[in-house]
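The values are calculated or read from the model by the stated rules, or taken from the named source; none is laboratory data. Remember, predicted model here, so these are calculated numbers, not experimental data. Backbone-built Cβ (ideal geometry, glycine too); neighbour counts: all protein chains shown.
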Amino acid sequence: MNIIICIRKNQIREDGTVSIKFRVVHNAKHNDMSSGYYIEPKLFNEKTGKVRKTHPNADFLNFELEKRKMEYQKKVLLIDISEWSVTQLIEFLKGKKHTPKPPFLALTSSSLLPPFHIHDHCYQPPFRLCFCASSEG
């Protein structure tokens with residue numbers, strides 16, 4: 001997954017501004033999410049994905065956009081999104097209900113446990129795993 005800050009020059013509003021978007025690229029597909037900020041196209045550097053210094057609030061806007069981009073990236077760090085569509089990913093980033101797969105840590109935590117055996121003499125409802133030193137199995 002990659003997130004790019006961009007504008008869509010073909011969607012100009014009546015006041016001459018365009019929406020600053022987060023382009024989410026995932027599994028070779030992309031879709032845009034609005035940032036809620038609007039800007040004149042000439043005040044946005046498309047190569048760097050930043051508001052130009054000639055804008056009176058350039059520092060604030062660049063900080064807010066980068067902060068939100070980092071929050072989105074952090075949100076998906078510990079989950080497996082490989083099977084998700086770009087639409088599902090955007091819904092998740094926006095906070096809409098979507099059940100993520102378990103975190104990678106949960107999938108690998110079994111490797112952190114010592115080896116164990118299940119013995120008949122250790123079985124007591126509810127089922128428990130046996131960590132005893134018995135050699136029967």
*Is it the case that Lys21 is part of a strand (DSSP E or B), within 23 Å of the chain's Cα centre (by Cα), surrounded by 13 or more Cβ atoms within 10 Å (Cβ to Cβ) and modelled with pLDDT of 95 or more?*
yes
*Which one of Lys69, Lys74 is surrounded by fewer than 14 Cβ atoms within 10 Å (Cβ to Cβ), at pLDDT 90 or above and assigned to a helix (DSSP H, G or I)?*
Lys74
*Among the residues of region 1-17, which ones are surrounded by fewer than 19 Cβ atoms within 10 Å (Cβ to Cβ), free of Cβ contacts under 8 Å to residues at least 40 places away in the same chain and in a strand (DSSP E or B)?*
Asn2
*Mind checking which residues of region 24-46 are out of contact with any strand residue (DSSP E or B) (no Cβ under 9 Å at 6 or more places or on another chain) and either in a strand (DSSP E or B) or surrounded by 16 or more Cβ atoms within 10 Å (Cβ to Cβ) (or both)?*
Lys29
*Across region 88-101, which residue is modelled with the lowest pLDDT among those that are at negative phi and surrounded by fewer than 13 Cβ atoms within 10 Å (Cβ to Cβ)?*
Thr99
